[in-house]
Structure formats: C-alpha cells, structure tokens
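Quick notes on the structure that follows.
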Amino acid sequence: MQLLDTTATIETPERVRFQYRIAGPGPRAMAWMVDVAVQLVFVLALVLVSSLVTMLTGLQGAGTGLVLLGLFVLQWLYGAILETAFGGQTPGKRVFNLRVVRADGSPAGVQNFMLRNLLRAVDFLPALFGIGVLTMLIDRRMRRIGDLVGGTMVVLEQDSKMFGSVSIEPPVTEEERQSMPVRVDLSNEEVRVIEDFLRRRSRMSDARAEELAHLLGPAITERSGLEAPTWERVLTLAYARATGRDREPT
Amino acid sequence: MSVADRDRFVQARTDRWSRVDSLLTLGPQGAQEWSELAAVYRALCADLSAARSLDLPDDVLRHLDDLAGRAHNRLYSVRPTGIPTSMFRDATVGFPRELRAQWHFFLFASLLFYLPFLVGMFGALNDPTFAVNVLPPENLQSLEQMYSTEDMVRGSGEDATMAGFYVYNNVGIAFRTFALGALAGLGSVFYLVYNGLVIGTVAGYLGAIGLGHNLLEFTSGHTAWELTGVCVAGAAGLRLGWALMITDGRTRVGSLKAAAPSLYRLILGTTLLLLVAAAIEGFWSASPLPRTVKYVFGALQWGIVVAWLAFGGRR
C-alpha cells in the first residue's frame with residue numbers, strides 16, 4: 001500500500017532499477033537557510049579581504065570593486081559553482097543529505113547546475129520561493145521551475161535502517177501450546193501484517209502495540225477461538241502457530 | 001516463499017549490505033576500495049531485484065533502495081574535468097553558432113529593446129516633459145551632473161569599483177531578464193522594453209540639453225557589448241518562454257529539456273558579452289583620451305561584436 005508516492009524509480013544503464021526518495025520543500029528550505037548562513041559568512045570574509053586589499057594597495061575603491069564582484073558571484077553563482085564542485089551538493093544540501101541529480105537519476109553537470117540556479121530568480125518570486133514551492137507541489141517529482149529547466153531533481157540520500165527479524169517474545173510456553181486451537185488459518189496478507197508488526201514491536205510503547213493489535217486480534221479470536229490475555233499475544237500466538245514457529249527451539 | 005526462507009535470504013546478505021554502508025559512510029579509500037564498492041554495488045543491485053520479486057517487507061526494500069541510490073551517486077558522480085575549458089569554448093564558439101540558430105528570438109528581443117529605445121530618445125529630444133514622465137527628476141538631475149563635465153577622470157581605484165558595480169548590476173539584470181522568461185516570456189519582454197525606454201530617454205534627455213557628446217564619448221566603447229548582451233539575455237528568456245508555452249508535440253518538461261543546451265549557450269554568451277562590457281566601461285570609458293580615439297575604438301568594438309556573432313564558430 002502506498003499512499004503518497006514520493007519516490008522516483010530510476011533505471012541505470014546497467015538495467016538496474018532502484019528508487020530515489022524525492023526531497024520535498026521542508027528539507028530543501030532548511031538546506032537553503034544553511035546556505036544563506038554560509039553566504040553571509042562569505043560576505044563577511046569578502047569585506048575583510050577587501051579592506052585588506054585597500055590597505056595594502058592604497059587604492060580607494062579597489063576593495064569595493066572586489067566586494068561587488070564577490071556579491072555578484074555569491075548571489076548568482078554560489079549554487080552552480082558548489083554543486084559542480086561537490087557532485088550536486090551545496091553545504092546546506094550536504095547537511096541535510098540532499099543531492100541534485102538529473103531527472104533520469106544520472107549525475108548532473110555544469111549545464112544543469114547553471115540553469116537551475118539562474119532560474120532561482122523566478123522561483124523566488126513573489127517572495128520566499130512562492131512560485132518554486134507552488135511548482136513543487138504540482139510536480140510529481142517536486143521540482144521547482146529551475147529544476148524543470150535544468151533537467152534536475154533533488155533527492156534525499158537517507159540510510160533507513162532495516163528492522164530486525166521476527167522474534168517471538170516471550171517464547172510460546174507449553175501451557176499456551178496446549179490451550180491453542182490445533183489450526184489457526186491466516187491469509188498470506190495477515191501473516192505479512194503480523195510479521196511487520198512484530199518486527200517493529202521493539203520500537204513501540206506497549207499501549208500503542210495493543211492499540212494496533214486490537215485492529216486484527218478480535219477477528220482472529222472470533223474465527224479460530226484463539227484467546228490470550230492481550231491482543232498482542234493473540235497475534236503473536238496466531239502467527240507462531242500458522243508458521244510453525246511455536247515449536248522452534250529458543 | 002516461507003517466512004523462514006525470507007529471513008535466511010536477508011541474513012545471508014546482511015554482511016554484504018553493511019559493507020556497502022560502511023564503504024559509503026567512511027568514503028572509499030584507494031583503488032582497491034573503489035573497485036570493491038563497484039563490486040558490492042552490483043551485487044546489491046542483484047539482491048535488490050531478487051528481494052523485490054520475493055516480495056520482502058517494505059523496510060528491507062527501502063533500505064536496499066537507499067543503499068543502491070547512495071552507492072550509485074558515489075560511483076557515478078566522479079567530477080568531470082576540463083569544465084572551464086568547455087565553458088569557454090561554449091561561450092566563444094558555441095554561443096555565436098547558437099545565436100544564429102535562434103536568430104528569430106534575437107531579432108524579436110532586439111526589436112523589443114531598440115524600438116522603445118528610439119521612442120524614448122526621440123520623445124525626450126523633442127518634448128522636454130517626456131523625460132520627466134519616464135524618470136524621476138532626481139535621477140535626471142544626477143545624470144545631468146554626471147555628464148556635465150568634459151573629463152570624467154576617475155582614480156584607478158574608482159575604476160575597479162565601477163567595473164565591479166557593472167558586473168554586479170548589469171549581469172544581474174541580464175540574468176533576471178533571462179530567468180523571468182519562465183513567466184511565459186513576459187518577464188523578458190518587460191525588462192527589454194523597460195530598459196530600452198529608460199536608456200533611450202536618458203540619451204534623448206542629455207542630447208536635448210546639449211550633453212549628447214559627453215554621453216556618447218563615455219558610452220561609445222562598451223555599448224556594442226552591453227546592449228548586445230542585454231538583447232541576448234532577452235532572446236534567451238523568450239526562447240525559454242517559448243519552450244514552456246509551445247511544446248511542439250512534446251511534453252512540457254520534454255520541451256524544456258530540448259531547449260536547455262541552447263539556453264545554456266545563450267546565457268554563457270550573455271555573460272561573456274557583459275563581462276567584456278564591464279571591463280571596458282570600468283577601465284576605458286572614463287579615461288581622458290581624445291574623443292576621436294574613443295569613437296574609433298567604439299566603432300571597432302561594434303565591428304568585433306558583429307563579426308564574432310556572424311562568423312564565430314562557422315566551419
């Protein structure tokens with residue numbers, strides 16, 4: 001079941017398919033704020049260097065020219081230069097594990113980076129990326145106009161952890177084994193659901209686990225006559241019996 | 001496939017997967033680790049397609065997708081070399097070729113700039129109230145002051161300031177003229193018409209009060225580069241707006257994708273034109289050389305720009 005698809009399926013030249021997570025406005029806005037902070041640091045450094053240049057050369061104004069040139073580079077080329085140099089990442093994107101890639105998943109180049117960063121001027125309108133966010137909400141891959149023109153998208157490089165394998169905790173006791181119905185029939189889907197539930201069990205509170213187990217437990221009890229003190233235990237026992245794990249050595 | 005089989009599938013491969021993870025987290029060191037990463041990446045991809053057909057739980061698939069994505073980006077995003085060289089070639093050779101291919105956009109942008117320019121110039125020359133309607137009186141006064149002295153000699157430090165300012169201001173305006181072409185081309189049209197009208201009005205106003213020669217003397221050196229640069233930026237913006245609106249049987253995104261290389265070359269050309277303009281405007285235009293020298297120099301610049309755009313990159 002997939003409610004909201006925020007992934008892009010990529011097929012590499014070796015015919016390998018995998019899915020990228022698309023980065024939405026939230027993480028991208030945060031990365032942008034980090035970049036703005038970095039740009040401010042650059043501006044400060046620029047002012048310092050320029051006053052040094054003015055002092056050393058004695059030329060009034062040479063430093064000012066340098067500052068203006070630097071401001072131009074920071075305003076228009078900051079993203080393009082850094083993304084080209086660091087494989088699609090500005091410092092802000094690096095902090096939030098974002099990366100600019102081509103829309104087909106292959107690495108982007110200087111042409112892509114230049115265009116997407118120049119078009120920032122239109123995405124920013126009327127204020128604070130109004131047009132950009134609107135376009136991101138419409139586009140399936142959450143691209144702003146700069147991404148559409150530059151042929152890029154921004155992906156999230158996350159490392160999600162796998163949940164462990166199923167453990168029956170505590171193990172099925174002899175008493176429980178005796179009192180269980182001989183057969184508990186579960187559909188494949190029910191097995192999958194219970195399995196997902198048990199693998200995530202260690203990350204939930206007891207109350208939450210019971211709340212979730214209550215969604216399926218009563219139906220199983222009614223159908224098979226299996227009973228236990230908690231709904232969670234009902235699911236655990238049903239799963240153990242249906243998959244033959246109630247006899248596993250622990 | 002039974003639950004136990006699925007567990008075994010995962011357990012048999014967990015070591016390999018965590019090896020991919022640790023190689024990526026620490027960053028591969030040396031040739032051996034790079035080729036190891038390439039090898040485990042390929043194995044991981046095989047595992048991923050197997051896992052998908054075995055219908056493993058979502059979190060396992062998600063984990064493998066994330067690992068594969070990170071490994072793919074790491075392996076393939078090797079920095080290409082020779083970027084400055086290729087950009088320079090695109091700006092000097094690719095750009096004039098591209099501009100000739102997109103000549104109708106350039107022609108249209110030039111009309112959108114020079115027609116209001118002429119309107120402004122003749123309007124201000126013939127009617128003293130025209131300039132006041134276009135520009136605030138304060139601006140007109142400061143312009144009058146700026147161009148009223150014969151010699152506009154500046155210190156060389158000041159030259160550098162102005163060169164920096166011209167880059168910041170003019171290239172900025174050109175980039176904005178291009179970018180706002182994404183609004184169905186309208187942003188570019190606005191900037192072209194507005195700048196043409198204002199510049200023309202300034203020229204006409206100064207001409208009407210007898211300062212035309214001073215203005216011409218100052219601007220003659222860089223106009224060829226600057227005005228052409230503005231028109232090219234406008235042409236790029238119109239090309240962008242066109243690609244967005246007239247998709248020619250493609251999807252809208254496909255239409256933009258097809259236009260991208262052209263836009264890129266036009267923008268590199270604009271940048272080069274305006275950088276040269278800023279250098280001339282900063283370091284030459286205000287120099288105390290005789291007026292004739294400046295006019296000859298200015299005519300020469302027009303010759304260079306026209307020849308470059310007309311013949312650059314021809315085989």
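Laboratory data are not the source of any read-out in this text; all were calculated from the coordinates shown. The structure displayed is predicted, hence computed values, not measured ones. Every residue, glycine as well, gets a Cβ built from its backbone with ideal geometry; the counts of neighbours run over all protein chains shown.
At-a-glance table
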{"quantity": "Chain B: relative contact order as a whole-number percent, Cα under 8 Å and 6+ apart", "calculated": "24"}
{"quantity": "Averaged over A:105-115, number of beta-carbon atoms from partner chains that fall within 10 Å", "calculated": "5"}
{"quantity": "Segment residue B:194-residue B:107, length gained on full extension (0.36 nm per residue, minus Cα span)", "calculated": "29.6 nm"}
{"quantity": "Choice from B:173, B:83, B:199 with maximal GNM fluctuation in chain B (Cα, 10 Å cutoff)", "calculated": "B:83"}
{"quantity": "By average C-beta atoms within 10 angstrom, highest first, the peptides A:109-121, B:232-244, A:144-156", "calculated": "B:232-244, A:144-156, A:109-121"}
{"quantity": "Protection proxy ranking, peptides B:182-193, B:87-98, average beta carbon neighbours within 10 Å, highest first", "calculated": "B:182-193, B:87-98"}
{"quantity": "Using θ = phi - 60° and Karplus 6.51 cos²θ - 1.76 cosθ + 1.60, couplings along the stretch B:47-59 (whole Hz; Gly, Pro as x)", "calculated": "4, 5, 6, 5, 4, 5, 6, 7, 6, 5, x, 4, 5"}
{"quantity": "Whole-number D in µm²/s for the stretch A:1-139 (Stokes-Einstein; Kirkwood sum over Cα pairs; 10 °C, 1.306 mPa s)", "calculated": "92"}
{"quantity": "Number of partner chain Cβ atoms within 10 Å, mean per residue of B:251-264", "calculated": "4"}
{"quantity": "Listed residues B:68, B:259, B:160, most fluctuating in chain B (Gaussian network, C-alpha, under 10 Å)", "calculated": "B:68"}
{"quantity": "Given charges at Cβ of Lys, Arg, Asp, Glu: the stretch A:174-244 dipole, positive-most of A:218, A:240, A:180", "calculated": "A:240"}
{"quantity": "Range of Cα positions in the protein assembly as shown per principal axis (Å), largest first", "calculated": "111, 49, 49"}
{"quantity": "Where the Cα pairs of the stretch B:3-76 fall when distances are cut into 5 Å bins, in %", "calculated": "3, 16, 30, 24, 14, 8, 4, 1, 0"}
{"quantity": "Residue-averaged 222 nm ellipticity for chain B, from DSSP H runs of 4+ at -39500 (n - 2.57), nearest 500", "calculated": "-26500 deg cm²/dmol"}
{"quantity": "Bins of 10 Å from zero: percent of alpha-carbon pairs in the stretch A:174-244", "calculated": "21, 57, 22, 0"}
{"quantity": "Where labels lie 7 Å past Cα in the beta-carbon direction, separation of residue B:132 and residue B:314 in nm", "calculated": "5.1"}
{"quantity": "Reachable lysines, given that their alpha-carbon falls under 26 Å from the alpha-carbon of residue A:161 and they are not under 8 places away in the same chain", "calculated": "A:93"}
{"quantity": "FRET efficiency, 1/(1 + (r/R0)^6) with R0 45 Å, evaluated for residue A:56 and residue A:159 via beta carbons", "calculated": "0.40"}
{"quantity": "Cα centroid separation - the stretch B:270-315 against the stretch B:1-41, whole Å", "calculated": "60"}
{"quantity": "Per-residue mean of C-beta atoms belonging to partner chains within 10 Å, peptide A:18-30", "calculated": "3"}
{"quantity": "P(r) weight above 30 Å for chain B, C-alpha pairs, percent", "calculated": "53"}
{"quantity": "Length-normalised contact order of the stretch A:7-156 in % [C-alpha pairs under 8 Å, at least 6 apart]", "calculated": "26"}
{"quantity": "Spin-label pair residue A:40/residue B:11, simplified geometry with 7 Å Cα→Cβ offset, distance in nm", "calculated": "5.4"}
{"quantity": "Among A:229-239, A:128-138, B:40-50, the order from most to least packed when residues are scored by Cβ within 10 Å on average", "calculated": "A:229-239, B:40-50, A:128-138"}
